[in-house]
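Structure record follows, encoded as structure tokens.
The values are calculated or read from the model by the stated rules, or taken from the named source; none is laboratory data. Because the structure is a prediction, the values reported are computed rather than measured. Cβ placement follows ideal geometry from the backbone for every residue including glycine, while neighbour counts extend to all protein chains displayed. Ligands, DNA and RNA are stripped out before the accessible areas are found, and what is left, the full protein with its side chains, is counted by its heavy atoms. Shrake-Rupley method; radii C 1.70, N 1.55, O 1.52, S 1.80 Å.
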Amino acid sequence: MFEDLLQTKRLIKSYYYYPKLVLVINIAEYLYSKGRDVCIFNFDKIKWEYYPYNLNFHMKCNERSENIIFEAEDESEIPNNFSLVTSIKKLNLGIPQSEIQKLDQNLFKINIDNKIYLFRIIEGKIVEEKIKGLSEEIINILREYNELSLKEIVDILYHKTNSSRDNIRKEIYFLKDIGVIEIKNGKVLLNNNSWLKR
């Protein structure tokens, strides 16, 4: 996920402070582990009560550093040389934008150049979430048949798994909400424009 985020300059937009904070710290640690100098702009904006963990990087701001701009208020705060910007606002920077969305209590999604990543935050670390169980079964069936009606998927999985019809329907709509599948004209199919990175 971090490699894809850092392929190009990028704006991470979200209303959720905590995942942006953890993402910035984790990316700084990732870059530092690769031997890069890292500088976080607006370091003084960090609310440390949200991140009571040790930092595994040393900040070094110089002409060679990877600059991460945390919680930019407007375009004037952004230097020419930067890797990543987080903001609550949709800044006009002319660069790709990815949005962090909350799906559940501790489940988030981010779309990076049409690749959807799901992640949780565990002890200050971003942990990618694997699609498994019933969701994986639905994806596998759609790979096999290309498209099916909602009823056909429910019928197949009802007989194949121990899940109730209601649970199968809920899982199908969850996959639709996170952009993995589409429902068009009563047919369910994989969303080829937005595939799940695994």
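All conditions in (1) at pLDDT below 90; (2) over 26 Å from Lys102 (Cβ atoms) hold for Glu136, with the sole exception of (2).
I need a count of the residues in the stretch 159-173 that are under 11 Å from Leu134 (Cβ atoms) and out of contact with any strand residue (DSSP E or B) (no Cβ under 8 Å at 6 or more places or on another chain). Spell out the reasoning first.
To start, the set of residues in the stretch 159-173 that are under 11 Å from Leu134 (Cβ atoms) comprises 160-164, 167-172.
From what's left, out of contact with any strand residue (DSSP E or B) (no Cβ under 8 Å at 6 or more places or on another chain): 160-164, 167-171.
The total comes to 10.
For the stretch 24-45, how many residues are of a type in the set (A, V, I, L, M) and over 21 Å from the mean Cα position of the chain (by Cα)? Outline the logic, then answer.
First, pick out the residues of the stretch 24-45 that are of a type in the set (A, V, I, L, M): 24-25, 27-28, 31, 38, 40.
When the remaining residues are screened for being over 21 Å from the mean Cα position of the chain (by Cα), the result is 38.
The number of residues fulfilling the criteria is 1.
Taking the residues in the stretch 122-144 that are part of a helix (DSSP H, G or I) and of a type in the set (D, E, K, R) as candidates, determine which candidate is farthest from the chain's Cα centre (by Cα). Of everything passing the filter in the stretch 122-144, Glu144 is farthest from the chain's Cα centre (by Cα). All of (1) of a type outside the set (D, E, K, R); (2) over 19 Å from Phe2 (Cβ atoms); (3) free of Cβ contacts under 8 Å to residues at least 40 places away in the same chain; (4) open to solvent by 50 Å² or more (accessible area, probe 1.4 Å) hold for Val127 with one exception: (2). Condition check: touching a residue at least 60 places away in the same chain (Cβ under 8 Å) and exposed (fewer than 13 other Cβ atoms within 10 Å of the Cβ). Does Glu144 satisfy that? No, not satisfied. Of the residues contained in the stretch 63-81, one or more are found to be among the hydrophobic types (A, V, I, L, M, F, W, C), more than 23 Å from Leu103 (Cα to Cα) and at pLDDT below 95. Note on the stretch 117-165: residues that are touching a helix residue (DSSP H, G or I) at 6+ places or on another chain (Cβ under 7 Å) and either polar (S, T, N, Q) or within 30 Å of Tyr53 (Cβ to Cβ) (or both) amount to 8.
Residues in the stretch 165-198 that are surrounded by fewer than 12 Cβ atoms within 10 Å (Cβ to Cβ), at pLDDT 85 or above and outside any helix (DSSP H, G or I): Lys184, Asn185, Gly186.
Listed by first and then second residue, the pairs linking a residue in the stretch 62-87 that is under 17 Å from Tyr32 (Cα atoms) to a residue that is of a type in the set (Lys, Arg) and open to solvent by less than 10 Å² (accessible area, probe 1.4 Å), with Cβ atoms under 7 Å apart and 6 or more places separating them unless they lie on different chains, are Leu84/Arg10.
Is at least one residue of the stretch 55-68 aromatic (Phe, Trp, Tyr), farther than 25 Å from Ile122 by Cβ and over 21 Å from the mean Cα position of the chain (by Cα)? No, there is no match, as no residue in the stretch 55-68 is aromatic (Phe, Trp, Tyr), farther than 25 Å from Ile122 by Cβ and over 21 Å from the mean Cα position of the chain (by Cα).
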